[in-house]
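Here the structure is laid out as structure tokens; the discussion comes afterwards.
The values are calculated or read from the model by the stated rules, or taken from the named source; none is laboratory data. Here the structure is a predicted model, which is why all the values come from computation and not from measurement. No Cβ is skipped: glycine too gets one built from the backbone with ideal geometry, and neighbour counts run over all protein chains shown.
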Amino acid sequence: MLVDFFRIGLNNLKRRKLRSWLTMIGIFIGIAAVVSLISLGSGLRTAITGQFASLSTDTLTVQNAETGFGPPGSTAIEKLDEHDLKLISSVRGVKLAIPKQIKTARMEFNKIVLFKTITNIPEDPVVYEWIYESMGAEADEGRLLGRGDKGKIMLGSDFVRTDDFKKTLTAGKKVKIEGEEFEIIGILESSSNFLMNGAIMMLDEDLKEVMEIEDEMDMIVAQLEDANMAEETAERIKKALRNDRGLKEGEEDFSVETPLQAIQTVNTILISINIVVVGIAIISLVVGGIGIANTMYTSVIERTKEIGTMKAVGAKNSDVLSIFLIESGLLGLVGGIIGVLIGLGISYSVSYSANIAFGSEIISFNCPFYLIIFAVSFSFSLGILFGLIPSIQASKLKPAEALRAK
Amino acid sequence: MRKRNKRGGEIIRLREVFKFYQLGESIVKALDGVDLAIKQGDFIAIVGPSGSGKSTMMNMVGALDIATKGDIFLDRINIEHLHESQLAQIRGRKVGFIFQTFNLVPTLTALENVMLPMVFQRVPLRERQMRARELLVEIGLGNRLNHLPSELSGGERQRVAICRALANDPDVILADEPTGNLDSKRGEEVVEMLNRLSEEGKTIIMVTHDLDMAKHADKIYKLKDGKIVN
């Protein structure tokens, strides 16, 4: 019975191929948006929050107010200095205060000069080991930078993955940074932190020399004694800096960010993106649904005589209703299946190209099976819902009148 | 004409049947107190000018429409008191329709069109296919089973429609101008077929304005202004 009705419905859709395809476009877009959003969403979140992994949950970052866009801390007018570092390390609840430099430097190798991000590694083993641990840094080649490695650098994984210098960089080779010669001591494994993947790392002292920095730092990372006290310690640091600089509350020319805040900022951005995409999906699905309703109305008018004939040969109102509902449901279903395929295609290509561009499994692609089942059954139900009124109209046609139609 | 397998009992009875239509301000009397009794196996032709009420009467007998007043008995069941789904059942089981414009479902093949009435009677697929194939082969369309109506000639389409009308083995065949869209040779063939069916015991009611065709019937009723005039 139902199989027959499905066949009748499918035949009718095939008969009006172009109209059926056009009707399904709205459904394609809506379902594709939802599927790609969900299957990329968790990957995107992991990728972005992964950038904060080096800060881990027991750290605070202190920066001076910035004037524009650039690497964190680099555009601040008043740089943080040793005095601030000492002040922060003396705050109760702060275990360790680490100065952090993030600069852009000229790197020369194989007679090619490129600008690269350069960052510092403190010389104190306690500090750098903690950094390596929290970053999950492992040497892919050579070894990690350590105490006494003056004149040596460590490179992120991007340097070997890309062919920027037209010649492979390996441990032991020499490169010039801002004109000074350095030896590559190690190359890191690819990590989820793409800032690290693209950075040159050298000891504090080397960086200061090369970049001609005296007493300034872009950022101070404060390691906490107790991760649960992040908010309180952040307040204490703010108070200490305010008192030191003679500022009132609300006039701060610096910021203290807890990891929670950082992750919250990311989440807020992700949520806004989600809202926009979901909005587009809803609008598109409603428009798609109206398209189905419109097509079904036209179909009922065009096929009035056919409906009359079906009734004459014994179709009950409920049979006609089923035939038309199945037809509109099929419009939704086929639209949904194609939408899922497009959505999977989009998220796979985004994930694939992001991984190619940034290296490693930066944005994972994860489409749970229930999502596919849900998307397909949702679109089928949507088709049925929007086809309901035209189908009821078809089923209620009086056979004698319907047969008189042209 | 000698009839075989005839039971001869009354199969259709119209008692004081009126049908009025509201047409703008005025009321049109499509049927104006029709009384008629038809026996099983009769071949009846209903003739009359257009607007005389022929089609309205067909619709009443075929349970496609209900009367404004009066009773219609189909196989002793008063169809005026039936619910929509019961009317659909009656149409599907007891009546077979043949239309002037064939009214085949354009997206279904000849075989599927013949199977359609059986779908609505919940006949199992295998049985449906067998019966439809049998009917089409018998009528000479064995090589046209999987053709769409658009791939068939007018005569072939009407033969498919006849097979469809016979699918559920109904007692009554209602043919509304069955030869109207056919040339005279094909028209004759169709009427010949109806004649044969009547000999086999089917009750045939044919509405036509073609008196040559009507002559094949056992009885001819003339309708004028919603009344039987002979």
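Might you check whether a residue that is part of a strand (DSSP E or B) and of a type in the set (Gly, Ala, Ser) occurs anywhere in region A:230-249? Looking for residues that are part of a strand (DSSP E or B) and of a type in the set (Gly, Ala, Ser), one finds none in region A:230-249, hence no. Pairs meeting the criteria (first residue in region A:390-406 and more than 8 Å from chain B (Cβ to nearest Cβ) and in contact (Cβ under 8 Å) with a residue 60 or more places away in the chain, second residue surrounded by fewer than 21 Cβ atoms within 10 Å (Cβ to Cβ) and among the hydroxyl-bearing types (Ser, Thr, Tyr), beta carbons under 8 Å, at least 6 apart or on different chains) are A:390/A:297; A:393/A:297; A:395/A:318; A:397/A:304; A:402/A:304; A:405/A:304.
For residue A:365, state whether it is surrounded by 16 or more Cβ atoms within 10 Å (Cβ to Cβ), modelled with pLDDT under 95 and assigned to a helix (DSSP H, G or I).
Working: surrounded by 16 or more Cβ atoms within 10 Å (Cβ to Cβ): yes; modelled with pLDDT under 95: yes; assigned to a helix (DSSP H, G or I): no.
Considered against the rule, which asks whether it is surrounded by 16 or more Cβ atoms within 10 Å (Cβ to Cβ), modelled with pLDDT under 95 and assigned to a helix (DSSP H, G or I), residue A:365 comes out as no.
Filtered by the rule that a residue be at the interface with chain B (Cβ under 7 Å from one of its Cβ atoms) and touching a Pro at 6+ places or on another chain (Cβ under 7 Å), region A:307-324 gives A:311, A:312, A:313, A:314.
Here are the criteria: (1) outside any strand (DSSP E or B); (2) under 33 Å from the mean Cα position of the chain (by Cα). Tell me which single one residue A:223 does not satisfy. Every listed condition holds for residue A:223 apart from (1). Scanning region A:110-141 for residues that are within 17 Å of residue A:155 (Cα to Cα), in contact with a helix residue (DSSP H, G or I) (Cβ under 9 Å, 6 or more places away or on another chain) and not charged (D, E, K, R) gives A:117, A:118, A:119, A:120, A:121, A:122, A:131, A:135, A:136, A:137.
Taking each residue of region B:75-87 that is facing chain A (nearest Cβ under 10 Å) and looking for partners that are hydrophobic (A, V, I, L, M, F, W, C) and in a helix (DSSP H, G or I) with beta-carbon atoms closer than 9 Å, six or more apart or interchain, yields B:86/B:79; B:87/B:79.
If you go through region B:57-74 and keep only what is more than 13 Å from every other protein chain (Cβ to nearest Cβ) and within 17 Å of residue B:168 (Cα to Cα), you end up with just B:74.
Rundown of residues vs (1) within 21 Å of residue A:211 (Cβ to Cβ); (2) touching a residue at least 60 places away in the same chain (Cβ under 8 Å); (3) part of a strand (DSSP E or B), yes/no style:
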site	(1), (2), (3)
A:140	no, no, yes
A:144	no, no, no
A:148	yes, no, no
A:172	no, no, no
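When residues of region B:88-141 are filtered for being at negative phi, of a type in the set (Gly, Ala, Ser) and more than 10 Å from chain A (Cβ to nearest Cβ), how many remain? Give the derivation first.
Step one: list which residues in region B:88-141 are at negative phi, which gives B:88-101, B:104-121, B:123-139, B:141.
Pick out the ones that are also of a type in the set (Gly, Ala, Ser) and you get B:88, B:92, B:96, B:110, B:132.
If we keep only those that are more than 10 Å from chain A (Cβ to nearest Cβ) as well, we get B:110, B:132.
Looking only at that region, the number is 2.
All conditions in (1) more than 25 Å from residue A:364 (Cα to Cα); (2) in contact (Cβ under 8 Å) with a residue 40 or more places away in the chain hold for residue A:134, with the sole exception of (1). Of all residues in region B:155-167, those that are touching a residue at least 12 places away in the same chain (Cβ under 8 Å) have Cβ atoms under 7 Å from Cβ atoms of residues that are of a type in the set (Lys, Arg), 6 or more apart or on another chain, in B:155/B:186; B:156/B:144; B:167/B:131.
For region B:7-53, a residue qualifies if it is in contact with a strand residue (DSSP E or B) (Cβ under 9 Å, 6 or more places away or on another chain), small (Gly, Ala, Ser) and part of a strand (DSSP E or B), and the qualifying residues are B:30, B:33, B:37, B:45.
When the criteria are applied in full, residue A:30 fails the requirement of being within 14 Å of chain B (Cβ to nearest Cβ), crowded, with 21+ Cβ neighbours inside 10 Å and not polar (S, T, N, Q).
Just so you know, in region B:193-221 the residues that are assigned to a helix (DSSP H, G or I) and of a type in the set (D, E, K, R) include one that is nearest to residue B:54 (Cα to Cα), and it is B:212.
Against the test of being at pLDDT 95 or above, surrounded by fewer than 22 Cβ atoms within 10 Å (Cβ to Cβ) and not basic (Lys, Arg), the options B:177, B:127 yield a single qualifying residue, B:127. Quick check: is even one residue across region A:317-324 in the same structural domain as residue A:10 (by TED's automatic domain parsing), touching a residue at least 40 places away in the same chain (Cβ under 8 Å) and in contact with a Gly (Cβ under 8 Å, 6 or more places away or on another chain)? Yes; the residues of region A:317-324 include at least one that is in the same structural domain as residue A:10 (by TED's automatic domain parsing), touching a residue at least 40 places away in the same chain (Cβ under 8 Å) and in contact with a Gly (Cβ under 8 Å, 6 or more places away or on another chain). The C-beta contact set for region A:252-264 (first residue assigned to a helix (DSSP H, G or I), second residue not hydrophobic (A, V, I, L, M, F, W, C), distance under 7 angstrom, 6+ apart or interchain) comprises A:259/A:56; A:259/A:57; A:259/A:59; A:263/A:49.
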